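The values are calculated or read from the model by the stated rules, or taken from the named source; none is laboratory data. None of the values given here were measured: they were computed from a predicted structure. Every residue, glycine as well, gets a Cβ built from its backbone with ideal geometry; the counts of neighbours run over all protein chains shown. For accessibility, only protein heavy atoms count, side chains too; no ligands or nucleic acids. Shrake-Rupley method; radii C 1.70, N 1.55, O 1.52, S 1.80 Å.
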Amino acid sequence: MSIELRSLREDVYRIAAAADCVVEEQNLLVGIESTRSMWDRAETILVDFASAETALSTGFSRRAGVILVTASTPTLADWRTATALGVEHVISLPSEEDALVRLLGEPASLPTGDGGVIAVVGARGGAGASTLAAALGLCGGRAGRRVLLVEGDRYGSGLDLLLGWETVPGLRWTDVVVEGGRVSGDALHGALPSRDGLSVLALGRFENRSAGLSAVAVTSVLDAGRTAGDLVVCDVSRHPSDVSDAVYAAADLVVLVLPAELRAVTSAEAVAEHVADRNANVGLVVRGPAPGGLRADDIAAALDLPLLTSMRAEPGLAERLERGGLVLGRRSPLAAAANSVLDTFAQKPGGRRWAA
């Protein structure tokens, strides 16, 4: 054990004693299964950077009450790992020992619901990712879920506009301030444009329309929705960025949307490779028509990704979007595809230990 790690361990035990808190030590590098049991039942989890990386790589579930402790000022790598694992606090010891005493003395805030995050990304421009994301939100709301639909693309056209909600009052990203990386899910729903169980956090309509949308902010919003038990759907840019990478890291499932066209398949290869490096749970939605006769199963096999569903073209969709926003009829192919994805997503086990 290094001198730095030994000093950090001693600090943790000393601070835990001051907080009248019992510490049960476990090495994540050995005994993974016994450690997983402790991970699920302990009220508060303290991890160092190496343990956090191990927990992340072995598929430990996101949960409340996880604190990353470090013997020095947190680095960019520390923050990235903390964000991916869902860590609530990063504490530098011994300089922030008062904060750790306070945290250990408070009961952990456990999730109140079974929320989950779906990220939707297009293989190319015009693939229909935003439209599918909106359909997932509408269908989730119809099914009785409380849904949070988040625009995670700085260059998006506006999910509120796509829904025909541009005049519905409520906050947009330009108005949202996330203080200290934390935000309340209930407070969000009360402040955003909402109808029938669906709330939308979209870009603003001003010159700096994506102000407020950052990797830290979007991660906080997604985690707040998950903790509150919401179904969270996030429309993501296919172009790599700090925001899109943060969404991929936080998502329980990434849905890659592409039309049944050869050029789209070529684009999808690059997008899928980037996404898969950040999240193992990636599935395809293939959208018709298929001008060259490409089959959805063949596309999935070529990309080596599971096919969540395929959908035929929806007549009159573009016109409806222009004239009043997205409305889904009972026989809508788009609604059928969205419901198919939601049905698959509802079968996921706890945590993030599944593949689509």
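Does Val243 satisfy being among the β-branched types (Val, Ile, Thr) and either part of a helix (DSSP H, G or I) or open to solvent by 10 Å² or more (accessible area, probe 1.4 Å) (or both)? In short, yes. Evaluation of Asp343 against the conditions (1) surrounded by 14 or more Cβ atoms within 10 Å (Cβ to Cβ); (2) in a helix (DSSP H, G or I) shows that the sole unmet condition is (1).
May I ask you to list the residues in the range 17-43 that are open to solvent by less than 40 Å² (accessible area, probe 1.4 Å), modelled with pLDDT of 70 or more and in contact with a helix residue (DSSP H, G or I) (Cβ under 6 Å, 6 or more places away or on another chain)? Hit for the range 17-43 is Ala19, nothing else.
Those strands (runs of 3 or more DSSP E) of the range 253-312 in which 1 or more residues are free of Cβ contacts under 8 Å to residues at least 60 places away in the same chain and more than 20 Å from the chain's Cα centre (by Cα) occupy 282-287, 307-311. Listed by position, the helices (runs of 4 or more DSSP H) enclosed by the range 82-186 that each have at least 1 residues that are at pLDDT 90 or above and basic (Lys, Arg) are 129-142. Taking each residue of the range 66-77 that is within 9 Å of Ile91 (Cα to Cα) and open to solvent by 30 Å² or more (accessible area, probe 1.4 Å) and looking for partners that are modelled with pLDDT of 80 or more and part of a strand (DSSP E or B) with beta-carbon atoms closer than 6 Å, six or more apart or interchain, yields Thr73/Ser92; Pro74/Val90.
Apart from one condition, Gly185 fits all of (1) touching a Phe, Trp or Tyr at 6+ places or on another chain (Cβ under 9 Å); (2) surrounded by 19 or more Cβ atoms within 10 Å (Cβ to Cβ); (3) among the small types (Gly, Ala, Ser); the exception is (1).
Checking the structure you have, find out if any residue of the range 321-334 is touching a residue at least 12 places away in the same chain (Cβ under 8 Å), open to solvent by less than 10 Å² (accessible area, probe 1.4 Å), over 26 Å from the mean Cα position of the chain (by Cα) and closer than 14 Å to Ala127 by Cβ. There is no residue in the range 321-334 that is touching a residue at least 12 places away in the same chain (Cβ under 8 Å), open to solvent by less than 10 Å² (accessible area, probe 1.4 Å), over 26 Å from the mean Cα position of the chain (by Cα) and closer than 14 Å to Ala127 by Cβ.
Would you call Leu284 under 13 Å from Val120 (Cα atoms), open to solvent by 10 Å² or more (accessible area, probe 1.4 Å) and at pLDDT 95 or above?
Values: under 13 Å from Val120 (Cα atoms): yes; open to solvent by 10 Å² or more (accessible area, probe 1.4 Å): no; at pLDDT 95 or above: yes.
Against the criterion (under 13 Å from Val120 (Cα atoms), open to solvent by 10 Å² or more (accessible area, probe 1.4 Å) and at pLDDT 95 or above), Leu284 does not qualify.
Between Ala276, Ala268, the distinction of being surrounded by 18 or more Cβ atoms within 10 Å (Cβ to Cβ), small (Gly, Ala, Ser) and farther than 19 Å from Asn339 by Cβ belongs to Ala268 only.
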